[in-house]
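Asker: Here's a structure for you.
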Amino acid sequence: MPITKKKKTRDFSSFLGMLFFLIVIISVILSIGNFVRYTTLLKQYEEMKRYVDSKVSEMKSENENLKNMLAPNSLLDKYIAAANYLQNFGYDFDRILTALNDDPTTGYFMVFVVGNENSWFTVKDKNNTYYTGELKPGLASYRFFYYKEPRIKTKYDIIIPPDATVSVGKTGRVYLLFFGVGLRFHPTKVVQLTEPTYEDIASKFSLYIPGRQ
């Protein structure tokens, strides 16, 4: 009996030793796994931190650039001022283009109103009204092209057919200055409108139009 009991005690001690050793091994394995996981998480954290820091730096840089762009006398401020200036200047700029662009291969007329009162002026045909409105005294800015379009067209250039009809509100006070084909800047003909309506202006005023009999 004592021998059997002693053997059982030894077997139990061996079992406890193996169990303890197994627990130690499992703990070490779990510790290594946790360490690897911690290292991976730490690496991911560092990468995310660098990403967030870079984005914050970019936002700060963009914010500074935006502040510089919106600051007084900045590039954007100058651009807005220039755009407003050009918009306000657009009316005269179109007039300058109209005055500079005189193509001798075209035929057109301008309108001159004498006196100190406005005069109604209309250009139309059976189907369309190309212009109608009051013109102030002096030389109007509009050019009415009865032969070919200008190379540079502005809002003051109006294309009309050669057989258009012209009507005026104040007869005797409106003149048409025709700039015929082949000449530059100087009118080839000046016509005083003494009647309220003139039909087929090309025939009425004997305008030279290439290719037309």
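What follows draws every value from the coordinates through simple rules; no lab data is involved. Just so you know, these numbers come straight off a predicted model, no measurement behind them. Heads up, the Cβs are rebuilt from the backbone with ideal geometry, glycines too, and the neighbour counts pull from every protein chain shown.
Asker: Between residue 39 and residue 64, take the C-beta separation as r, use R0 = 25 Å, and let me know the FRET efficiency to the nearest 0.05.
Answerer: E between residue 39 and residue 64, to the nearest 0.05, is 0.10.
Asker: Can I ask one more? Which of rounded, prolate, oblate describes region 137-179, given a ≥ b ≥ c as roots of the alpha-carbon gyration tensor eigenvalues and a/c under 1.5 marking rounded, otherwise prolate only if a/b is larger than b/c? Mind showing how you got there, number by number?
Answerer: On the way: a/c = 2.45, a/b = 1.52, b/c = 1.61.
In terms of gyration-tensor shape, oblate.
Asker: Output the peptides 189-200, 39-50 sorted from most to least packed, where packing is the average of other Cβ atoms within 10 Å over each peptide's residues.
Answerer: Working: 189-200: 13.8, 39-50: 10.0.
The packing order, highest mean first, is 189-200, 39-50.
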